[in-house]
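Have a look at the structure below, then the notes.
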Amino acid sequence: MNRNIFIGGAWPYANNSLHVGHLAALLPADVIARYYRLNGDNVIYVSGTDSHGTPITVRARKENVSPDSIAEKYHAEFVKNFNDLDFSYDLYTTTMTDYHAEHVKAYLKRMYDNGFIYEKEEEQDFCPSCNAFLSDREIIGVCPHCHGVAKGDQCDNCLATLSASEVLDKKCANCGSKTILKPNKHLYFALSKFQDKIKKLTDDHANIWRYNAVNETYKFLDMGLIDRAVTRQLEWGIDVPFEHFEDKKIYVWIEAVLGYLTAGNKVADDKGIDFEKFMQKGNVTSYYVHGKDNIPFHTVIYPSLLMAIDENIDLPDHIISCEYVNMNNEKMSKSKGNLISLNELTSMFDKDSIRYFMLANGPENKDTNFSMQDFITNHNKFLVGTLGNFVNRNLSFMNKKFDGKICEGKIDENIKALTKDYYNEIGSLIERGKIKSAIEKAFDYVSEGNRYYSDRKPWEQVNNDIDEFNDTTYTCVYMMANMANMLMPFIPHTCERIKAKLALDFAPSWKEVEIKGNLQVQNNELLFERLQ
Ligand SMILES: [Zn+2]
Ligand SMILES: [Zn+2]
């Protein structure tokens, strides 16, 4: 029976280029999506660019452009990065679309009707001459720590994070008038009501979610869940769908994370699927794939929003939250200047070489290190030395001796049985989110191929017993076809190239591929070049 699978890849924020850390966090989702599609399951795999919020408005003001031009620029860059690396999203969208805005508003109304969103007045900075409440960034004052010039949310001098209430001697950044405090109406989400339910959700998934996700969630719960503001005094964002909130926008924390539902809904709409039914508890298996800094959003806030919308929506089944990638054994950061962007990476290396490295060396359970040396060593050892070698030693021999003609032989029964076992084991690893072990296992299969070739010594068989030689070669080609199928979730472009080499036209699926009849090698091209 076909299963319903929902996969949400994290939404990158549109004010900086993506780097290898993002890729390590996001790539496992693509493997999971490709695997389930090969299985014939109904997959909805979505993500998009998180395009609202203060950092974008700050940057826009600094560069003297509009916030949407910043967001559009990075969105276009992300789309190109994901295309370059063969991500197979059913939809990669942005929070700037009308579709997203309209659906977010509808979800907000449902949460309000269900009693989880309420109004609350709070004292807020107001400029009497502009006759407007001020956002944090429109407040200029004095830092309580260093007495330097501070904004409403941060000191420009000592960089301390501030709340507007701590800032001294506050003035309006637009006109310079002294601010006064005035009661302002905001909407709040009753997150505190979900403390017990999130605790139970975490207990229930203690052995399914990644270890770091379970840990971080308990830590977050220990601090006690507190209600969060839904509205914000801002100009850049989605309008609030209630009267008397026309001067405010929906806070980005609530709107961006609902992108999973709005994007999923869009895919379902386009495919003619009933999304509510698709996402019902018991009807779907869901995966949320992101970096560890995003854990509480996916294990606490998002499930609480889901419960506030509808008790029957599936809550995150799998949390695939990776650790950090360090650069040459140092923490990656913009200030250190040691980030490698995906723009740079894709301009230097083959996309499958990048995919292979990030999956096989991904920070699944602990921080990992990225260095050019490791990258090159891995490429040469596994792509050139293991996979490339198996394909090349077989096919170039056939080219040299038989003009590329491969006669049908008998496929080794042990190898057939072994092949089926590999599909089962790799599939089970992917379903449990163990992507690193899964790609290792898939390359073990390639090594089995090399071992089989060496053990059978076809270079001797060719002179002594041509039938034995044909059986060996045909078994190797059978394995090659299965590599081109089994490696599809990990390095899809290379799989297509292997198929093209032998003019194999099987439809990919997660089961053993059979080959029939004589075959002809189509080209001499190496799969991978050795890197220096
Ligand atoms: Zn300061
Ligand atoms: Zn003013």
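Looking at (1) at pLDDT 95 or above; (2) in a loop (DSSP other than H, G, I, E, B), can you tell me which one E235 breaks?
Just one mismatch for E235, condition (1).
Just for the range 166-195: of the residues that are more than 16 Å from A229 (Cα to Cα) and of a type in the set (S, T, Y), which one is farthest from ligand 1 (Cβ to nearest atom)? Give the steps one after another, and end with the answer.
To start, the set of residues in the range 166-195 that are more than 16 Å from A229 (Cα to Cα) comprises 166-182, 195.
Now drop any that are not of a type in the set (S, T, Y), which leaves 177, 179.
Values: S177: 23, T179: 19 Å.
Across the range 166-195, the extreme among qualifying residues is S177.
Rundown of residues vs (1) surrounded by fewer than 20 Cβ atoms within 10 Å (Cβ to Cβ); (2) assigned by TED's automatic domain parsing to the domain that holds A442, yes/no style:
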{"residue": "D293", "(1), (2)": "yes, no"}
{"residue": "I301", "(1), (2)": "no, no"}
{"residue": "G337", "(1), (2)": "yes, no"}
{"residue": "L342", "(1), (2)": "no, no"}
{"residue": "T346", "(1), (2)": "yes, no"}
{"residue": "M358", "(1), (2)": "no, yes"}
{"residue": "G362", "(1), (2)": "no, yes"}
{"residue": "N365", "(1), (2)": "yes, yes"}
{"residue": "F370", "(1), (2)": "no, yes"}
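Has the range 12-21 got at least one residue that is touching a helix residue (DSSP H, G or I) at 6+ places or on another chain (Cβ under 7 Å) and part of a helix (DSSP H, G or I)?
Yes, some residue in the range 12-21 is touching a helix residue (DSSP H, G or I) at 6+ places or on another chain (Cβ under 7 Å) and part of a helix (DSSP H, G or I).
Looking at I411, I406, I415, I430, which is the one that is closer than 24 Å to G362 by Cα and either surrounded by 15 or more Cβ atoms within 10 Å (Cβ to Cβ) or under 35 Å from the mean Cα position of the chain (by Cα) (or both)? It would help to see each step written out before you state the result.
Numbers: I411 fails: closer than 24 Å to G362 by Cα; I406 fails: closer than 24 Å to G362 by Cα; I415 fails: closer than 24 Å to G362 by Cα.
Going through I411, I406, I415, I430 in turn, just one is closer than 24 Å to G362 by Cα and either surrounded by 15 or more Cβ atoms within 10 Å (Cβ to Cβ) or under 35 Å from the mean Cα position of the chain (by Cα) (or both): I430.
Among the candidates I139, I117, single out the residue that is within 16 Å of ligand 2 (Cβ to nearest atom), β-branched (V, I, T) and surrounded by 15 or more Cβ atoms within 10 Å (Cβ to Cβ).
Working: I117 fails: within 16 Å of ligand 2 (Cβ to nearest atom).
Of I139, I117, the one residue that is within 16 Å of ligand 2 (Cβ to nearest atom), β-branched (V, I, T) and surrounded by 15 or more Cβ atoms within 10 Å (Cβ to Cβ) is I139.
With the condition kept exactly as written, say whether any residue in the range 253-270 is of a type in the set (D, E) and surrounded by 20 or more Cβ atoms within 10 Å (Cβ to Cβ). Explain how you work it out, then say what you get.
Pass one, the range 253-270, residues of a type in the set (D, E): 255, 269-270.
After this cut, where a residue has to be surrounded by 20 or more Cβ atoms within 10 Å (Cβ to Cβ) as well, the list is 255.
Within the range 253-270, one or more residues are of a type in the set (D, E) and surrounded by 20 or more Cβ atoms within 10 Å (Cβ to Cβ).
Any chance you could count how many residues in the range 191-216 are in contact (Cβ under 8 Å) with a residue 24 or more places away in the chain and part of a loop (DSSP other than H, G, I, E, B)?
4
When you look at K248, is it in contact with a strand residue (DSSP E or B) (Cβ under 7 Å, 6 or more places away or on another chain) and farther than 25 Å from I430 by Cα, yes or no?
Numbers: in contact with a strand residue (DSSP E or B) (Cβ under 7 Å, 6 or more places away or on another chain): yes; farther than 25 Å from I430 by Cα: yes.
In short, yes.
Quick one: A150 ticks every box in (1) more than 16 Å from ligand 2 (Cβ to nearest atom); (2) in contact (Cβ under 8 Å) with a residue 12 or more places away in the chain; (3) closer than 21 Å to R61 by Cα; (4) out of contact with any Cys (no Cβ under 6 Å at 6 or more places or on another chain) except a single one, so which number is it?
(4)
For residues that are outside any strand (DSSP E or B) and touching a residue at least 24 places away in the same chain (Cβ under 8 Å), scanning just the range 168-190, find the one that is surrounded by the most Cβ atoms within 10 Å (Cβ to Cβ).
Ranking the qualifying residues of the range 168-190, first place goes to T179.
Could you please find all residues in the range 148-165 being within 11 Å of ligand 1 (Cβ to nearest atom), closer than 26 Å to S129 by Cα and outside any strand (DSSP E or B)? Reasoning before the result, please.
At the first step, the residues of the range 148-165 found to be within 11 Å of ligand 1 (Cβ to nearest atom) are 148-151, 154-162.
Remaining after also requiring closer than 26 Å to S129 by Cα: 148-151, 154-156, 162.
Of everything in the range 148-165, those that are within 11 Å of ligand 1 (Cβ to nearest atom), closer than 26 Å to S129 by Cα and outside any strand (DSSP E or B) turn out to be G148, D156, L162.
The values are calculated or read from the model by the stated rules, or taken from the named source; none is laboratory data. Since this is a predicted model, take the numbers as computed values, not measurements. Neighbour counts are summed over all protein chains in view; Cβ atoms, including those assigned to glycine, are modelled from backbone coordinates with ideal geometry.
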